[in-house]
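The values are calculated or read from the model by the stated rules, or taken from the named source; none is laboratory data. Fair warning: this is a prediction, and the values are worked out from it, not measured in the lab. So basically every Cβ, Gly included, is an ideal-geometry build from the backbone, and we count neighbours across all protein chains shown. Each accessible area value is taken on the protein alone, full model and side chains, heavy atoms only, with ligands, DNA and RNA left out. Shrake-Rupley method; radii C 1.70, N 1.55, O 1.52, S 1.80 Å.
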Amino acid sequence: MIAGLGPAMADWDRPWRDETRALVIDAYEFNPINWKQLTSDKRIGAFINKASDGLPPAWSCSGLSGDDEKLCKNRWWKYSVTQELYMTRREMAKTLGLKWGAYHLGRPGNPREQADHFIDFAKPEPDELIALDIEDNDPTQWMSLAEAEEFARQIKIRLDRYPVLYTNGSTAAYIAQNRETYPLLSRLQLWYARYRDDLTGVFPEGYWDKYALWQFSSMHNCNKRTCPYRVAGAKDDIDVNVASMNVEDLHKAWPFDGLVAPEPQPVPDAGALIAKLGNEAREAVAEIGKDVAALVKPGQAEAKGEAVPGTLAAAYGPAAHAGIDPLKLLTETALEEKRVSAHPAPVLSAITQGPKTDPLPPADRPAASAPAGQLIGTIGQLRQEMQAVREILSDETQGGDPAAAAPAAPGSPVKGTELKSRILEMMKAAEAAMDGVPGDKPVESEAPEERADLMAPRGGWTLLSSFSASERRVAAAFRTTR
């Protein structure tokens, strides 16, 4: 057990002592560098240089005088020299085989303009690390965390990649604890600044599983007497970072421009989900199928060579005549479930109504189709809709008299025997249409004059204008499954 803890503990407890770990140097413009001596240390795999600081100085010093004018000119001199030094160091480091990176020191205000300034200054190439330096969570001195979010978004817009986040332990912990407020900042790769030997108990582990870089040595803890790591060719004030990998792997991981993924959630297997939905759908259809079968007179079905089992259940079996692909519908249900609207169309309605008009004759008509949003529903809706029909029809098989009540006016609520009568009436009408009854032939009912237009064809689809929407769905379902 102790041996197994070794690699994990090495990430937090003085990893720079492991000679296989890569080192990265970062410097600002006034750090003197002897490149020949520096690159003699083969553990050093990369060099990061300060690029920009806040916004550029004012474009013009005109109108100023005295010390203000001198200060303005001095800022421009420093700006131009700093950029020239940056470009020279970049060419030197890359020529010597080091990976290159740049960081921007964030200041309060104008985060998008600062991001643009950083890109204009550093002119980063795709293989170069880019980083945002937030020294502390103090918006009066440094870029605020909300502004840092905007800075990172602007970098993504301009370069199509993300910066690394450089910050100290307390700020990193605050971001991790408030990751709902900083959803992007909390997912940037972490360049962690802490000048202690051990990170155990202070690193925000559990959100950031590891650091990209750990800045463990700087002017704060390195002097002539003691220093965590002395760099050849540099003074004691140089910043030194350790990676959690060797030089070869560091070069592969560079420039750390991806996001830290949140804690992975279990993802259901698509095939298993589709199979589950299929089984539930078949069970729901089976519940209604037995009772619907009782409505079909065995003599008529056998005379036509048709099966007696439930006609609604046939919608989920081989149904080339109806143009319905059950596997396709179930697959779309499984993959598009999250895109269902707040009030999705019921499953039976969506798959049976089809287009409103269809000018093609039945022989030339393509397979029925509908937008994905109309095809998608839930098994719960399927059960509810089929159960409603099941209750009506099961009552009829127990001795109800559908001829006892006259049909109600279109759109008006109907109940009990009257509703059962209208359901049977619709199914008879749909069956008559499938048998080729002319569209102007009245349907047999208690009130033929009210149903004379029931079967009037329009564009190849039956017009059920005298029924409510729910009634039309039942009739359309019967006709489709026939």
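Among the residues that make up the stretch 66-89, is at least one of them assigned to a helix (DSSP H, G or I) and touching a helix residue (DSSP H, G or I) at 6+ places or on another chain (Cβ under 8 Å)?
Narrowing the stretch 66-89 to residues assigned to a helix (DSSP H, G or I): 66-89.
Filter again for touching a helix residue (DSSP H, G or I) at 6+ places or on another chain (Cβ under 8 Å), leaving 83, 86.
Yes, the stretch 66-89 contains at least one residue that is assigned to a helix (DSSP H, G or I) and touching a helix residue (DSSP H, G or I) at 6+ places or on another chain (Cβ under 8 Å).
Determine whether the stretch 160-182 contains at least one residue that is under 22 Å from Ile238 (Cα atoms), free of Cβ contacts under 8 Å to residues at least 60 places away in the same chain and not in a strand (DSSP E or B).
In the first step, residues of the stretch 160-182 are kept if they are under 22 Å from Ile238 (Cα atoms); the result is 164-169.
If we keep only those that are free of Cβ contacts under 8 Å to residues at least 60 places away in the same chain too, we end up with 165, 167-169.
Of the ones still in play, those that are also not in a strand (DSSP E or B) are 169.
Yes, that holds for at least one residue.
Any chance you could count how many residues in the stretch 91-129 are closer than 12 Å to Lys50 by Cβ and either touching a residue at least 60 places away in the same chain (Cβ under 8 Å) or in contact with a Ser or Thr (Cβ under 8 Å, 6 or more places away or on another chain) (or both)?
7
What single numbered condition from (1) farther than 13 Å from Ala51 by Cβ; (2) in contact with a helix residue (DSSP H, G or I) (Cβ under 6 Å, 6 or more places away or on another chain); (3) modelled with pLDDT of 95 or more; (4) open to solvent by 10 Å² or more (accessible area, probe 1.4 Å) fails to hold for Ser144?
Failing condition for Ser144: (2).
Got at least one residue in the stretch 154-170 being loosely packed, with under 15 Cβ neighbours inside 10 Å, among the polar types (S, T, N, Q) and more than 19 Å from Trp16 (Cα to Cα)?
yes
Tell me which residues, restricted to the stretch 187-212, are among the hydroxyl-bearing types (Ser, Thr, Tyr) and assigned to a strand (DSSP E or B). Steps first, answer last, please.
So in the stretch 187-212, the residues among the hydroxyl-bearing types (Ser, Thr, Tyr) come out as 192, 195, 200, 207, 211.
Residue satisfying the conditions is Tyr192 alone.
Take the residues of the stretch 109-141 that are open to solvent by less than 60 Å² (accessible area, probe 1.4 Å) and assigned to a loop (DSSP other than H, G, I, E, B): which is nearest to Pro255 (Cα to Cα)?
Step one: filter the stretch 109-141 for residues open to solvent by less than 60 Å² (accessible area, probe 1.4 Å), giving 109, 111, 114-119, 121-122, 124, 128-134, 138.
Narrowing the set further to residues that are assigned to a loop (DSSP other than H, G, I, E, B) leaves 109, 124, 128, 134, 138.
Working: Gly109: 27, Pro124: 11, Glu128: 6, Ile134: 19, Asp138: 28 Å.
Looking at the filtered set, the residue picked out is Glu128.
When the stretch 208-225 is examined, which residues are found to be buried (at least 18 other Cβ atoms within 10 Å of the Cβ) and in contact with a Pro (Cβ under 8 Å, 6 or more places away or on another chain)?
Correct list: Trp214, Phe216, Ser217, Cys222.
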